[in-house]
Amino acid sequence: MKRCPECRRDYYDDTLLYCLDDGNALLEGPASMDEPKTAILSEPGAIATGFLASESPTRAQIHTTDQTAILPRGAEAKPQDVSDTQSERQSPSANRAAEPQQKRNKLLAILGIGILILGGGFFGYRYFKSATSEQINSIAVLPFENKSGDADSEYLSDGVAESLIYRLSQIPDLKVSPRSSVFRYKGKEIDIEKVGAELGVDAVMSGRMVQRGDNLTISVDLVDVRNKKTLWGEQYERKMADLLATQREIASTITEKLQLKLSSDAAKGIAKRYTDNNESYQAYLKGRYFWNRRTAENLKKAIEQFKVATDKDPNFALAFTGLADCHVLLPEYAGVPTSETIPQAKAFATRAIAIDDQLGEPHASLGQANLISWQWAESEREFKRAIELNPNYATAYHWYSHLLRDLGRFDEAAVIIKRGHEIDPLSSIISVNLSEILLLQNNPNASIENTLKIIELDPNFTEAYRSLGLAYLKLGSKAEAITNMEKAVEISNRAASPLMTLGYGYGATGKRMEAAAIAKELEEKYAKKESNGMYVAGVYAGLGDKDKAFEWLEKAFQNKEDLGFTIWRIHYQSLRDDPRYKDLLKRMGLPE
């Protein structure tokens, strides 16, 4: 044993000649027995372990509360050699000069190796940990495959995926690909890694569903596409009556597998019970299934299902929101007068808010209903509230940008729709909205480029061809304009809105007979409540017949149609310098 004459620490490594604390020459013999002992471990493994636990990188201290110094395993105290001790006291400088250089090198080598081992282990752990358990910040839930062999079960497989998307979207810091983005992959052969790259997400969830009577089998797989690793896979055998609980269970498991640490509010959103009535919930899924198809016939089917849902559960806020959404779209897609639909839309949205005022969706529905009925300030307030409650609800941005355009605030509209496009970049209708904004900004080439991308992804989307035709018309490319406008009418089965654009295009390009025929067709649709009056006015504006155009705009005004469109749609451009148009705006409460 050796000791330091100054700090009085004991050392059991006989190769040490100097104190590691103060550099004094060590003396043979124990330190005073009236103070705690501190030992420096001499084994290489002990040095490495001591470095990790110690505050000092040069030594490992082991403090004891008794009077026995801790020895390395197998070490024994040596008897004191008085003569050696006396010689060391008398000539410390001689001892320092005689220290073998190789002993110093050996000590430094041992310390260096220990540091390398510890450093390599630490950074290796960090590397493998990050490669295998890094938190996932974005996910896409693909449409579930319906393996039942029954088309009537399609609503169920679609609905389960859509509900999981909705629940996961309640998590503030998780990017969830919206329905419109992921449902492009429905019915296609899917390469999970490719999908992840296209959607820009870290993880992709896929699923399969089989319904046999009251029995339901749901299989799910969650893959980390960054490192091609399956995070989780499970199969659920349930009864139809357990569908609601199973969805909540799957959503909770997903958050766990994604290593998400949820706040209490986010956790509540995942497990929130929107309804406990399974029949009501299934009707709601059917309603959303039809609503997403966006045709007059399917909107009416959706209304039937949402009514079943609210009858089964009068406190199901999302079902009332569905009813509101249907009624705000009926004027555009079915030509039903707004005087018949908008009051109902407002009532349903207000009912949903009364049930659950923390849902953003009914506020957006109410905002759109207020827009159509020219309640501009009230509309903007509801859209802002919808975005506040659910910043990831792309439809709120889409509708809000329409309001801003109606108010002539085009720059603000551009900012809002670009945010909606960031949230849902593959939504066809939101992308068309962006194309319209680009056209308003007098950039038809950019509008065309954006719209061609939409058609590449969604070749049967009517609004894309209508928008593309208007952009070509702006450029003076008449043939391309008419070709795309005719394509829109064909795909839509001669719906009122595409017909109006084609009639306007015919009139603007000198095809007066064709334009007049479309004006007559729209008048007939108007009589059957299949078209708006402002659509007829748009065709007459293209023909240059201002009197007829204002005659139909007045009818549209009396029916409280969504005349804010006339502020920015190219169809009505020739009317805007007419005093009758300025009077129309004034009566609507819009700036001239």
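The values are calculated or read from the model by the stated rules, or taken from the named source; none is laboratory data. Computed from a predicted model, the values in this text were never measured in an experiment. Here Cβ is always computed from backbone atoms with ideal geometry, including for glycine, and neighbour counts include all displayed protein chains. Note: accessible area is taken over every heavy atom of the protein model, side chains too, but ligands, DNA and RNA are not part of it. Shrake-Rupley method; radii C 1.70, N 1.55, O 1.52, S 1.80 Å.
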Report the calculated FRET efficiency for ASN460 and LYS520 (r = Cβ-Cβ distance, R0 = 25 Å), to the nearest 0.05.
0.35
In whole angstrom, how far apart do the alpha carbon centroids of segment 274-310 and segment 501-545 sit?
34 Å
Once phi for every residue in segment 176-192 is put through the Karplus expression 6.51 cos²θ - 1.76 cosθ + 1.60 (θ = phi - 60°), the whole-Hz ³J(HN,Hα) values, with Gly and Pro written as x, are 10, 4, x, 4, 4, 7, 7, 6, 5, 8, 4, x, 10, 5, 10, 9, 4
Karplus couplings for segment 536-550 from phi (6.51 cos²θ - 1.76 cosθ + 1.60, θ = phi - 60°), rounded to Hz, Gly and Pro as x?
4, 4, x, 5, 5, 5, x, 7, x, 8, 5, 4, 5, 4, 6
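Can you compute the charge dipole magnitude of segment 393-545 about its Cα centre, using +1 on each Lys and Arg Cβ and -1 on each Asp and Glu Cβ, nothing else charged? Give it in debye, rounded to the nearest 20. Mind dumping the intermediate values first?
On the way: 16 positive and 19 negative charges, 51 e Å.
Result for segment 393-545 is approximately 240 debye, rounded to the nearest 20.
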Quick calc, GLU134 & THR295: beta-carbon distance into FRET formula, R0 60 Å, rounding 0.05, result 0.85
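Treating only the Cβ of Lys, Arg, Asp and Glu as charged (+1, +1, -1, -1), what charge dipole size does segment 364-422 show about its Cα centre? Round to the nearest 20 debye.
On the way: 7 positive and 8 negative charges, 13 e Å.
Value, rounded to 20: 60 debye.
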For ASP583, ASP311, ASP578, the accessible-area ranking with a 1.4 Å probe, largest leading, is ASP311, ASP583, ASP578
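About the Cα centre of segment 458-536, how large is the charge dipole given +1 on each Lys and Arg Cβ and -1 on each Asp and Glu Cβ? Please answer in debye to the nearest 20.
Values: 11 positive and 10 negative charges, 42 e Å.
The calculation lands at about 200 debye.
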Excluding residues fewer than 8 positions from LYS586 in its own chain, the lysines with Cα under 18 Å of it are LYS555, LYS560
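Could the peptides 318-325, 163-170, 491-498 be put in order, highest first, of the mean number of other beta-carbon atoms found within 10 Å of their residues? List each step's numbers first, then the result.
Values: 318-325: 27.0, 163-170: 22.1, 491-498: 19.0.
Order by mean packing, descending: 318-325, 163-170, 491-498.
Return the FRET efficiency for the residue pair ALA527, ALA479: r is the Cβ-Cβ distance, R0 is 25 Å, and the value is rounded to the nearest 0.05. Please list the in-between numbers first.
On the way: r = 33 Å, r/R0 = 1.33.
Result of the calculation: an efficiency of 0.15.
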Using 20 Å as the Cα-Cα cut-off, could you pick out the over-long pairs in LYS546/LYS582; LYS301/LYS520; LYS272/LYS307; LYS272/LYS346; LYS147/LYS300; LYS175/LYS239?
LYS301/LYS520; LYS272/LYS307; LYS272/LYS346; LYS147/LYS300; LYS175/LYS239
